1. Quick one: which residues, 5+ away or cross-chain, put their amide H under 5 Å from the amide H of residue A:196? H built at 1.01 Å from N.
2. Determine the shape class of segment A:195-322: with a ≥ b ≥ c the square roots of the Cα gyration tensor eigenvalues, call it rounded for a/c under 1.5, and otherwise prolate if a/b is greater than b/c, oblate otherwise.
3. In segment A:339-422, what chymotrypsin sites (Phe, Trp or Tyr not before Pro) fall in a loop by DSSP, with at most 13 other Cβ atoms inside 10 Å?
4. How large is ³J(HN,Hα), in whole Hz, for each residue of segment A:78-90 in order, when computed from phi with the Karplus curve 6.51 cos²θ - 1.76 cosθ + 1.60 and θ = phi - 60°, using x for Gly and Pro?
5. Compute the distance from the alpha-carbon center of segment B:78-95 to that of segment B:242-300, in whole Å.
6. How many nm separate the modelled label positions at residue A:69 and residue B:214, each set 7 Å beyond the Cα in the direction of the Cβ?
7. Treating segment A:155-262 as a set of equal point scatterers at the Cα positions, no solvent, please give the Debye-formula log₁₀ I(q)/I(0) at q = 0.13, 0.14, 0.16, 0.23 Å⁻¹.
8. Could you pull out the chymotrypsin sites (Phe, Trp or Tyr not before Pro) across segment A:175-274 that fall in loop regions by DSSP (anything but H, G, I, E, B) with no more than 12 other Cβ atoms inside 10 Å?
Amino acid sequence: MTTLTDPPKESFRLSMLIYDTRYRSMTIQVVAMIGFMLLAAWLINNTMTNLATLGKPVNLGFLTDRAGYDINQRLVDYSNNDSHLRAAFVGLLNTLLVAFLGCITATIIGVLVGVLRLSKNWLVAKIMTVYVEMFRNVPVLLWIVLAMAILIESLPAPRAFRGAEPEATMKLFDTVAITNRGVYVPEPLFSNSLGNIHLFGSSSLRFDLSVDLLVLAIVFGLSLFGIAKVNARAHRIQDATGDRPKTIWINLGLFFVPSVITLIALGFHLGYPELKGFNFTGGTHMRNSLIALWLALSLYTAAFIAEIVRGGILAISHGQTEAASALGLRPGKTMRLVILPQALRVIIPPLISNYLNLTKNSSLAIAVGYMDITGTLGGITMNQTGRELESVLMLMGCYLLISLSISSVMNWYNNRVKLVER
Amino acid sequence: MSNVSFVRTEMLPEQMPPGSSVGFIGWVRANLFDGWLNSVLTVLSLAFIFYILSGLLPWTFQSVWNAASLNECRDIMNETWGSTHGHACWGVINDRWLQLLYGFYPPYPATPTVNVGDGTGLLPAFFRPNLAFVLLIVAVAPVLFTSLPRPLLIVSAAYPFLMPWLLWGGSVWGPLMVAAGFAIGFFAYRILHDIAGGLVALIAAIVLPIIWWMFLASVVATGLESIISISLPEVDSRKFGGFMLSILIGVVAIGCSLPLGILLALGRQSDLLIVKSLCVGFIEFIRGVPLITLLFVASVLLNIFLPPGTEFDIILRVLIMVTLFAAAYMAEVVRGGLAALPKGQYEGADSLGLNYWQAQRLIIMPQALKISIPGIVSTFIGVFKDTTLVSIIGLLDPLGLSNAIRADAAWNGVYWELFAFIAFLFFIFCFSMSRYSMYLERKLHTGHK
């Protein structure tokens, strides 16, 4: 006969905190937390002591002081009488501008180069390989400085455009002037302008929103919506009957007609740059620093994007192409309907991180004097006010915010296109 | 029945393929002129190559090598070719290449005690940085190529202490005492592990070296120095520059970021919530800000974060920030490798009864690191390229020096030659790194293709 005994009652011993896996993780976490808090307390304590010794306790009041420096390339109005905060805002918009332009051109060049690197033409493939290796293995800062040097040293000065027999002429039917002071391009003007909306009153974040552009954007958005509706209807009919109605003319009409009518109604015309005296007036002036940064960042990032695109296309197995051919799809449709949708899933995550890299690399603008947020808040404002801690922390905060927003938008897109696994 | 066969009974002899589809012509037809689109592309490419080379080759090779200033260069060009356009003035490289390589590092540092590398002709110029570079290759080679003799790894182990002594100079006892700290930790673990158990040994192995470094090392080093004085003339950090500085920052950041990145990746993958969120916070913060802001921290803020009165070297501060930066990126690369491993590997390790660290060391890491080699090497290349950013906070890396050289009246206006030289050297370093990673991938590829 056996007797059942209760298992020995477990009493908690101190050594169980370390040797029992149930408690050990808790111990490690508590130790890590205490360590982290001690480290943070130590750093903050040091900072407070040091700042008190230096006589400049943390204070954001300097942001409302007069900045006193000029920013020549800007998207919103600004004068040197504005505050440091306004200067930082102008810088932030400049960062976003060059990041936006850079991402678009880098994607276009990158996709083109990536596809051409897979070309059957040996010579073309080799040229693209040389391009990719050349840009990937040399620091981006060098490319930026080099682009700036090329623009300043090798382009004609505005005075070369003067006289009856000028040494230099304007490009693209006399509409674009490329000089060593920057590029002058035509600006859009509206003769029946609807005016501007002034946002945020007279605060540092004020900016003017052009109603004309807003209306155009709305009309264009509605056109795109209409096109989507037409396509959806075509899909429905195709699903029901097997015949797809021809939508191309309706779509083209929807794409162009409403926008063109709006443009005519608003009295759209271009303001061309003109040579007045020793410089050009009119048109939009893009400074060398912006062009150099844009160019260098685009070409540099494009080399990385090209590799991603190439890798993405190569990752799709050849059986997919063969199956598409077996279904009777032509090469163009195979690419558009079979290869690209699958390749995109491989391409998008690294593409996001390259967009982020481009945005972060735009902080190198400081090397060519383009006043982005690093140049304003982290450069002149920091040096003038001596508020290193506040400036650098705010600067980091801005970049973190930009990075997180870009990655969340792109992740949302990635989640939409990614393979849904069961 | 007639004996006529309607099918051929003997094989025809094999015929040569048509001349237009084999050999050079066949290759050209298949690869360059295959259809009208390809033909157009080929012709355009040829025109493009011709255009580039027709400008680049004369510029590179019809150039002036011996000149002391840009004006002298231009005079020589005008005499020889009648124009200053389209000819390089390599005189600037000839004149300043030592500066581009070493910055303002003295060729023969002045000597308070020992005649090592003084101007007496005993040792060649730049003996110390050159020796440090040669030793770097010796130290790295056995790590990179497993076919080399294993005892060479002693050099690898000694190098982290030897290199700072060679470059910065000072007493040999300083680096030796730092090394002694690691030895103390190692032996403390060995001895206490059997006596008092693993945990005590681990704590002792961490605490004892820290006590040694903080309180004893400098005292002992000073004492030993007063008994047996072995020292090299000291060189100030501000004198470091050129590719020496780039390689120094690159090597230290690469060397330290890999172990740190692995730890961060493990932390991010772990089940411990607090450890995980600390690691995620660190990684995402560092990856969300540009390196330049971290360099601003190194140049203006790091001294504010440390106890009052701490003044430490600008290069060391930069090294710390670049290492942290690289470690965050490395952590993400390694995490990718960890995530790519099938779950069965973890379960297999568990079923063998391995504990966490054994499983990581023997099963998980070898496979995860192998998967992530391309990413690791491209992070290395990125770090090495990013060392040029230190020119923005005023250190004299090659790009910073190119500005300094242009500031000299003799070379005011020289751009392309300097940029070409710097780009060329960077290209060689980075390109060879990427080729090495391809070699390593092939070597470690044990699966089926």
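The values are calculated or read from the model by the stated rules, or taken from the named source; none is laboratory data. This is a predicted model, so every value here is computed, not measured. Reconstructed Cβ throughout: ideal geometry from the backbone, glycine too, with neighbour counts over all protein chains shown. Each accessible area value is taken on the protein alone, full model and side chains, heavy atoms only, with ligands, DNA and RNA left out. Shrake-Rupley method; radii C 1.70, N 1.55, O 1.52, S 1.80 Å.
1. Distant-sequence amide H within range of residue A:196: A:211.
2. Working: a/c = 2.35, a/b = 1.33, b/c = 1.77.
Oblate shape, in that a/c is at least 1.5 and b/c is the bigger or equal ratio.
3. On the way: sites: A:355, A:370, A:399, A:412, A:413; in loops: A:370.
Qualifying residues, ordered by number: none.
4. Rounded to whole hertz, the list is 6, 9, 6, 8, 6, 7, 4, 5, 4, 4, 5, 5, 4.
5. First find each Cα centre; the distance between them is then 45 Å.
6. 4.1
7. Result of the Debye calculation: -0.81, -0.85, -0.90, -1.12.
8. Values: sites: A:184, A:190, A:200, A:207, A:220, A:225, A:249, A:255, A:256, A:268; in loops: A:200.
Taking segment A:175-274 and a limit of 12 other Cβ atoms within 10 Å, the loop chymotrypsin sites (Phe, Trp or Tyr not before Pro) found are A:200.
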